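Peer 1: One structure coming up, written as structure tokens, with questions to follow.
The values are calculated or read from the model by the stated rules, or taken from the named source; none is laboratory data. What you are looking at is a predicted structure, and each value in this text was computed from that prediction instead of being measured. Glycine also receives a Cβ, built like all others from the backbone with ideal geometry; neighbour counts cover every protein chain displayed. Ligands, DNA and RNA are stripped out before the accessible areas are found, and what is left, the full protein with its side chains, is counted by its heavy atoms. Shrake-Rupley method; radii C 1.70, N 1.55, O 1.52, S 1.80 Å.
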Amino acid sequence: MWSASVFTLYPEMFPGPLGQSMSGTALANGLWSLEAIDIRDHGLGRHRAVDDTPAGGGPGMVLRADVLASSLDARLAAEDPRPRLLLSPRGQTLTQKLARRWADGPGIVLVCGRFEGVDERVIEGRGLTEISIGDYILSGGEIAALTLLDACVRLLPGVMGKLESGEDESFENGLLEYPHYTRPRDWEGRGIPDVLLSGDHAKIAKWRRAQAEDLTRARRPDLWAARETE
């Protein structure tokens, strides 16, 4: 079973939206498992403190290395093969390729940062790989963790209704996805492109490919440039 362990100060945020729809059904049916671990269980003192002021001064607080390491060590075996990922705005950007790589493995360990950041020593000492979901700042890593988990879980065998439903999605082949249409045939003076009603599957495939390429060139020139250099 593909398993996810999430280390967080807010375990009640999980499974959250992952308990609904396809991912929720898959979770209930045992296609994957999720445990949310409260870092504060290893907090210090009466108030279970998990953070302290930044060395060298500055605003905010920093998640302590000793507290986070104790939490990780208590729940993860040394031989656990799952990648250990720290959700961080300075990390490598999450991509579909990474999501597919992790989905093809045994699962993932996610650490949700809070405050100004995490003590650098525990990142190095426990082999955490920093991952970002985009160039913006969130209040903590929990929402980012939910995003990363959703990207992986939907790729697990048996989660999506049809395996081929994901093959033409945006980013799977380096292109944005082509436009979709359904009934009614005419809506507010707008019709479905004739080629999609032709029944000619070769022409439909060619049209969809051309649309995907045009959209990618217009909206994501970075993706298009990367394809041309391959």
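Peer 1: Taking the Cβ of G127 as the center, what net charge do the other residues with Cβ under 14 Å away carry, scoring Lys and Arg +1 and Asp and Glu -1?
Peer 2: Combined, the nearby Lys, Arg, Asp and Glu give -2.
Peer 1: Now, a different point. Excluding D200 itself, calculate the net charge of residues whose Cβ lies under 15 Å from the Cβ of D200, where each Lys or Arg counts +1 and each Asp or Glu counts -1. Walk me through the numbers before you get to the answer.
Peer 2: Values: positive: K203, K206, R208, R209; negative: D194.
Summing Lys and Arg as +1 and Asp and Glu as -1 gives +3.
Peer 1: Hey, another quick one. Say R0 is 45 Å: what FRET efficiency, to the nearest 0.05, do D52 and A205 get from their beta-carbon distance?
Peer 2: 0.15
Peer 1: How far apart, in nm, are the 7 Å Cα→Cβ label points at T229 and R121?
Peer 2: It is 3.9 nm.
Peer 1: Follow-up. Compute the distance in nm between two label points, each set 7 Å from the Cα along the Cα-to-Cβ direction, one at N29 and one at L197.
Peer 2: Computed distance between label sites N29 and L197 equals 3.6 nm.
Peer 1: Tell me the relative contact order for the stretch 53-184 as a rounded percent, counting alpha carbon contacts under 8 Å between residues six or more apart.
Peer 2: Worked out over the stretch 53-184, it gives 28 percent.
Peer 1: Here is a follow-up. Could you tell me the relative contact order of the stretch 1-115? Use alpha-carbon pairs under 8 Å, at least six residues apart, and round to a whole percent. Mind showing how you got there, number by number?
Peer 2: Details: 150 pairs, mean separation 38.3, N = 115.
33 percent.
Peer 1: Another question, if that's okay. Which net charge results when you count Lys and Arg as +1 and Asp and Glu as -1 among the other residues whose beta-carbon is under 14 Å from that of E35?
Peer 2: Local net charge: -2.
Peer 1: Could you work out [θ]222 nm for the chain from helices alone, using -39500 (n - 2.57) per DSSP H run of at least four and dividing by all its residues? Round to the nearest 500 deg cm²/dmol.
Peer 2: After summing the helix terms and dividing by residue count, I get -9500 deg cm²/dmol.
Peer 1: Among L215, L197, L110, which one moves the most in a GNM of the chain with springs linking Cα atoms closer than 10 Å?
Peer 2: Result: L197 has the largest fluctuation of those listed.
Peer 1: Additional query: On average, how much accessible surface per residue is there in the stretch 39-143, in Å², for a 1.4 Å probe, leaving out ligands, DNA and RNA?
Peer 2: 55
Peer 1: Do you know the relative contact order of the chain, to the nearest whole percent, from alpha carbon pairs under 8 angstrom that are 6+ apart?
Peer 2: 19
Peer 1: Here is a follow-up. Taking θ = phi - 60°, what integer Hz values does the Karplus form 6.51 cos²θ - 1.76 cosθ + 1.60 yield along the stretch 116-128, in sequence order, with x for Gly and Pro?
Peer 2: Once θ is set to phi - 60°, the couplings for the stretch 116-128 become 6, x, 10, 3, 4, 5, 6, 4, 6, x, 10, x, 7 Hz.
Peer 1: For R219 and E177, calculate 0.36 nm times their separation in residues minus their Cα-Cα distance, and state this gained length in nm to one decimal.
Peer 2: Gain on extension, R219 to E177, equals 14.0 nm.
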